Amino acid sequence: MWHASILTLFPEMFPGPLGLSLAGKALRDKIWRCDARDIRAHATDRHRSVDDTPCGGGAGMVMRPDVVDAAMDAALTEGVPRPALFLTPRGRLLDQALVRELSAGPGVVLLCGRFEGVDQRVIEARGLREVSIGDYVLSGGEVAALALLDACVRLLPGVMGAAESAEEESHGASALLEYPHYTRPVEWQGRSVPPVLLSGHHAEVARWRRAEAEKITRERRPDLWARHTGTETSARAIAGQTAAA
Ligand code: 6GU
């Protein structure tokens, strides 16, 4: 069973939305396990403090290394070793390649930061991989952890349908953005479904969708477009070499 342990000051936030829908069914089917742990349970002083003022001064509070370390220890004693991640806006950006890697492993231990940060020494001592879900600031790592877990769980065997899984496989890291979708009614508020989608010509539909996906990717995400065209070029080069050999 894929095992997610979440170290947080707000364990009630889990599984949260992941208890519903696709991830919730997978949870009930025992495809994965969501084990939220209260960092405060590892506090040692009588005030049960988990944070302290920053050395060197300044605003806010910093999570104590001893308390975080004890919480990590407790989480990692269960089962096989798992990668430990710290969710922070200063981390490397989460992408589908990292999601695939984590999903293919035994699970994850996720440390959710609150306050200004976590003492650097425990990040280094534990070799925590710092991960961010985007260039904006959340009030804590919990919502980011939910996003990461959702992305991983949907890739676990038996969670998605076979069709979606095959689709996902074929996309790789060089995916285009999705083409626009339409359904009935064919006329709605004076807007029509593009006629090609009603033509019944599968090849033309596929060609139209491909062109739309390329156009929207070029317009919205020149970074993805560059990566996509790069992979296409190298794929063709490899195919060329293979054919020549
Ligand atoms: Cl992982 N944490 C916080 N607090 N804010 C974020 C984030 C993580 N990723 C994007 N913004």
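The values are calculated or read from the model by the stated rules, or taken from the named source; none is laboratory data. Because the structure is a prediction, the values reported are computed rather than measured. FYI the Cβ positions are ideal-geometry reconstructions off the backbone, even for glycines, and counts take in every protein chain you see. What goes into the accessible areas is simple: the full protein's heavy atoms, side chains included, and nothing from ligands, DNA or RNA. Shrake-Rupley method; radii C 1.70, N 1.55, O 1.52, S 1.80 Å.
Here are a few things to note about the model shown:
- Taking Ser21, Ser192 and ordering them by how much accessible surface each has at a 1.4 Å probe, largest first, produces Ser21, Ser192.
- The antiparallel fraction among DSSP beta bridges confined to the chain stands at about 15%.
- For the chain, the residue among Ala97, Ala36, Ser139 whose Cα projects farthest onto the positive side of the dipole built from Cβ charges is Ala97.
- Between 0 and 90 degrees, the angle of helix 222-244 with respect to the longest Cα principal axis of the chain falls at about 70 degrees.
- When Tyr179, Tyr136 are compared by accessible area at a 1.4 angstrom probe, the order from most to least is Tyr136, Tyr179.
- Solvent-accessible surface (1.4 angstrom probe) belonging to His201, in square angstrom, nearest 10: 100
- Accessible surface of the chain, 1.4 Å probe: 56 percent of it comes from carbon and sulfur atoms.
- Beta-bridge orientation, region 39-179: approximately 15 percent antiparallel, per DSSP, counting only bridges with both partners inside.
- The chain: relative contact order in percent, alpha carbon pairs under 8 Å with at least 6 residues between: 19
- Rounded accessible area per residue of region 2-153, 1.4 Å, Å²: 49
- Remark: the chain carries a charge dipole of roughly 420 debye about the Cα centre, counting +1 on each Lys and Arg Cβ and -1 on each Asp and Glu Cβ.
- Degrees between helix 65-76 axis and first principal axis of the chain (Cα, 0 to 90, nearest 10): 60
- For Arg129, solvent-accessible area (1.4 Å; no DNA, RNA or ligand), Å²: 90
- Computed lengthening from Asp38 to Arg92, 0.36 nm per intervening residue step minus Cα-Cα distance: 16.9 nm
- Principal-axis tilt of helix 162-171 within the chain, Cα atoms, nearest 10 degrees: 90
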